[in-house]
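**Student:** Once you've had a glance at the structure underneath, I'll fire off some questions.
The values are calculated or read from the model by the stated rules, or taken from the named source; none is laboratory data. Here the structure is a predicted model, which is why all the values come from computation and not from measurement. Note that we place each Cβ from the backbone using ideal geometry, even for glycine, and neighbour counts take in every protein chain shown. Heads up: the accessible areas ignore ligands, DNA and RNA and are worked out on the full protein's heavy atoms, side chains in. Shrake-Rupley method; radii C 1.70, N 1.55, O 1.52, S 1.80 Å.
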Amino acid sequence: MFDRSIKIAPSILASDFANFGAECAAVEAQGADWIHVDVMDGHFVPAITFGAQTCKAIRPHIKTVMDVHLMIAPVDPYLEGFAEAGADVITAHVEAGPHIHRTLQTIRGLGCKAGVALNPGTPASAVEDLLEMVDLVCVMTVNPGFGGQKFIDMTAKIAALRQMIGDRPIHIEIDGGVDPTTAPLVASAGADVLVAGSAVFRGGSVADPAPYGANIAAIREAAKQS
Ligand code: DX5
Ligand code: ZN
């Protein structure tokens, strides 16, 4: 069921890479609504993380939503692999190639929810002709490639997208630099899915997961008070 309530999506980019399964279970037990999985290729973005095989290994440890953010180019040859790995949402960047429309068609054709991501330098208008074929628009509030970067204010873009989307069942997701200080800004502009890496995982561990819960609650409370 689609709803616009605030959802917190911890990014496992900030978790222990030797322990993804347990990290996913720990943040879910501590209140995460979705799990955000950052795939980087060392080409579209500077860093390399992991691919579909790792997503498949993580999948059984996720009970909520596996939200796969592809920061790769090209995208199309790899989509089937991520769908087979069990992604619920697959998000591709509008900047990753000339045929985002085809990419989104393919994602839905594979039975997944389709997301489109916008880098900070890309205007809201880039998705105007894609709204009938997406389930999520991801507004990057950092330049993709690394966790722990400083938030870039995209409030005007988020508000423009919220208006453009109207009653369509499309989530607005924010990715990068989300913490209790920045969450109210993006939530009041119309975002409902808040990705957070460092602000969720800081201070905790699988052995001591309570800080994850406190961090998630702090972001959620801040967003609700917007
Ligand atoms: C950035 C990634 C983000 C990142 C967010 O390229 O797409 O998901 O992990 O990390 P924080 O919350 O630390 O900015
Ligand atoms: Zn991401």
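**Student:** Please indicate, with yes or no, whether at least one residue in the stretch 104-123 is of a type outside the set (Phe, Trp, Tyr), over 15 Å from the mean Cα position of the chain (by Cα) and either surrounded by 22 or more Cβ atoms within 10 Å (Cβ to Cβ) or within 21 Å of SER11 (Cα to Cα) (or both).
**Tutor:** Scanning the stretch 104-123, I find at least one residue that is of a type outside the set (Phe, Trp, Tyr), over 15 Å from the mean Cα position of the chain (by Cα) and either surrounded by 22 or more Cβ atoms within 10 Å (Cβ to Cβ) or within 21 Å of SER11 (Cα to Cα) (or both), so the answer is yes.
**Student:** Right, another one. Scan the stretch 166-173 and give yes if some residue there is away from ligand 2 (no atom under 15 Å from the Cβ) and either surrounded by 21 or more Cβ atoms within 10 Å (Cβ to Cβ) or closer than 18 Å to ALA9 by Cα (or both), otherwise no.
**Tutor:** Yes, that holds for at least one residue.
**Student:** Here are some conditions: (1) within 14 Å of ligand 1 (Cβ to nearest atom); (2) open to solvent by 20 Å² or more (accessible area, probe 1.4 Å); (3) touching a Phe, Trp or Tyr at 6+ places or on another chain (Cβ under 9 Å). GLN149 meets all but one. Which one does it not meet?
**Tutor:** (3)
**Student:** Pairs under 7 Å by beta carbon, first residue free of Cβ contacts under 8 Å to residues at least 40 places away in the same chain and among the acidic types (Asp, Glu) in the stretch 180-196, partner in a loop (DSSP other than H, G, I, E, B) and more than 12 Å from ligand 1 (Cβ to nearest atom), six or more apart or different chains?
**Tutor:** Pairs that qualify, where the first residue is free of Cβ contacts under 8 Å to residues at least 40 places away in the same chain and among the acidic types (Asp, Glu) and the partner is in a loop (DSSP other than H, G, I, E, B) and more than 12 Å from ligand 1 (Cβ to nearest atom): there are none.
**Student:** All but one of (1) in contact with a strand residue (DSSP E or B) (Cβ under 9 Å, 6 or more places away or on another chain); (2) more than 30 Å from ARG102 (Cβ to Cβ); (3) more than 16 Å from ligand 1 (Cβ to nearest atom) hold for ILE165, so report the exception by its number.
**Tutor:** So the condition that ILE165 fails would be (2).
**Student:** Conditions first: (1) in contact (Cβ under 8 Å) with a residue 24 or more places away in the chain; (2) within 29 Å of GLY190 (Cα to Cα); (3) open to solvent by 40 Å² or more (accessible area, probe 1.4 Å). HIS69 passes all but one, so which condition is the exception?
**Tutor:** (3)
**Student:** Also: Say we look at the stretch 1-27 and pick out the residues that are assigned to a helix (DSSP H, G or I) and touching a strand residue (DSSP E or B) at 6+ places or on another chain (Cβ under 7 Å); which of these is most open to solvent (accessible area, probe 1.4 Å)?
**Tutor:** LEU13
**Student:** Determine which member of the set GLY86, GLY81 is over 16 Å from the mean Cα position of the chain (by Cα) and either within 16 Å of ligand 2 (Cβ to nearest atom) or not in a strand (DSSP E or B) (or both).
**Tutor:** One residue alone meets the criteria, GLY81.
**Student:** Of all residues in the stretch 42-66, count the ones that are part of a strand (DSSP E or B) and open to solvent by less than 40 Å² (accessible area, probe 1.4 Å).
**Tutor:** Final tally of qualifying residues: 2.
**Student:** Which count do you get for residues in the stretch 174-197 that are surrounded by 24 or more Cβ atoms within 10 Å (Cβ to Cβ), over 12 Å from THR141 (Cα atoms) and more than 15 Å from ligand 2 (Cβ to nearest atom)?
**Tutor:** The qualifying residues number 0.
**Student:** Filter the stretch 106-147 for residues that are in contact (Cβ under 8 Å) with a residue 40 or more places away in the chain and more than 23 Å from VAL65 (Cα to Cα) and give the result.
**Tutor:** Answer for the stretch 106-147, where residues must be in contact (Cβ under 8 Å) with a residue 40 or more places away in the chain and more than 23 Å from VAL65 (Cα to Cα): just ALA124.
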